[in-house]
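What follows is a short report on a single structure.
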Amino acid sequence: MSRTYTPSPSGGTYGQSIDGVPVWIGTTPQVLWITGLQNDPATNPPNGYRTSYGLTNLRSDGGAGNILVTMYDASGAQVGDTKPIPLAPNGFVQDPVATLFGSAAASIGSFTLKFQIPTGADVLPYASVIDNQTGDNSMFCGTEAPPAGPLYLPSVAHLAGAAGSTWRTDAYFTNTSSMARSWNLEFLPQQPIPTKDRTLTLQPHQTLRIVDLLQWLYDPMWFPDCSGVIRITPTDGIPAMPLASARTYNLTANGTYGQNIPALTATDGAMVAGSS
């Protein structure tokens, strides 16, 4: 693995872990998505994020043809045209999303990317989301839309931590289907407080960003500092799940410092156990 970071003038670094990726020939799904992305106006950097996308051809024995990249805004509307990107053997590209999709993407707010991978190619799509004020970045990798649930978001928090830190979790949920869908979000707290749940309904391709997820769940109730797991289940009888991603961060007067926390399924646990 590696860690790519920006040095701080006041000392220290702000960065992201980048894990090595095993290549299993011919196993890359043909449709991959990334949610949890944000592009805010450059004229207001203290209050937002910017996003770069990346693509790596994991194969040395052939090019990847045209990888098709589609952007959807928070409402679910497609932004601009689908963009074709060819990659040479071991090819790599990383650019701001505004370079690929133009001025419409420069201040789009929340958005989602869809990647269509050519048959037989093995490609890793990813995105890096950077706090405009601190330069702190979080990595989000392409994933399939989960076919069935339940789905879990671990390590969500609204509490004070060590050394004066203040932890919060923002979450993103994307409906990848062509019909409106509903899911139940249930918070399972680590602390001895009541669980809380709330229904989430999304239109086709819509993305909802929830700032301070636990505050949103308990609103308008008061709740003490807490952390735990979000369990996501369908409420409409259709087993397919949303894309879900969270970023838990230390909230400071000078911006945020955090990490991406991808959603997990029971299959992920089985894979970990099987590889141990």
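Data table
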| read-out | value |
| --- | --- |
| Criterion (in a loop (DSSP other than H, G, I, E, B) and not aliphatic (A, V, I, L, M)) met by exactly one of G54, G76 | G76 |
| When residues of the range 7-25 are limited to those that are among the aliphatic types (A, V, I, L, M) and assigned to a loop (DSSP other than H, G, I, E, B), the one most open to solvent (accessible area, probe 1.4 Å) | I25 |
| Unmet requirement for A64, which otherwise passes all of (1) under 19 Å from the mean Cα position of the chain (by Cα); (2) in a loop (DSSP other than H, G, I, E, B); (3) among the aliphatic types (A, V, I, L, M) | (1) |
| Which listed residue is more than 22 Å from Q206 (Cβ to Cβ), surrounded by 13 or more Cβ atoms within 10 Å (Cβ to Cβ) and in contact with a strand residue (DSSP E or B) (Cβ under 6 Å, 6 or more places away or on another chain), from L100, L113, L87 | L87 |
| Meets criteria (open to solvent by less than 40 Å² (accessible area, probe 1.4 Å), of a type in the set (S, T, Y) and over 13 Å from P234 (Cα atoms)) for S182 | no |
| Strands (runs of 3 or more DSSP E) enclosed by the range 147-203 - at least 2 residues per element that are of a type in the set (K, R) and within 16 Å of W216 (Cα to Cα) | 196-202 |
| Residue in the range 34-50 that is over 20 Å from T174 (Cα atoms), open to solvent by less than 40 Å² (accessible area, probe 1.4 Å), part of a strand (DSSP E or B) and out of contact with any His (no Cβ under 6 Å at 6 or more places or on another chain) present | no |
| Test: L217 is within 24 Å of T143 (Cβ to Cβ), open to solvent by less than 10 Å² (accessible area, probe 1.4 Å) and either assigned to a loop (DSSP other than H, G, I, E, B) or without any contact (Cβ under 8 Å) to a residue 40 or more places away in the chain (or both) | yes |
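The rows are residues; the columns are (1) touching a Cys at 6+ places or on another chain (Cβ under 9 Å); (2) more than 19 Å from A98 (Cα to Cα); (3) in contact (Cβ under 8 Å) with a residue 12 or more places away in the chain.
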| residue | (1), (2), (3) |
| --- | --- |
| P118 | no, yes, yes |
| Y126 | yes, no, yes |
| I130 | no, no, yes |
| F140 | no, no, yes |
| P147 | no, yes, yes |
| A157 | yes, yes, yes |
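The values are calculated or read from the model by the stated rules, or taken from the named source; none is laboratory data. No experiment lies behind these values; they were computed from the predicted model shown. Because the Cβ atoms are built from the backbone with ideal geometry, glycine has one as well, and the counts that use them run over all protein chains shown. Each accessible area value is taken on the protein alone, full model and side chains, heavy atoms only, with ligands, DNA and RNA left out. Shrake-Rupley method; radii C 1.70, N 1.55, O 1.52, S 1.80 Å.
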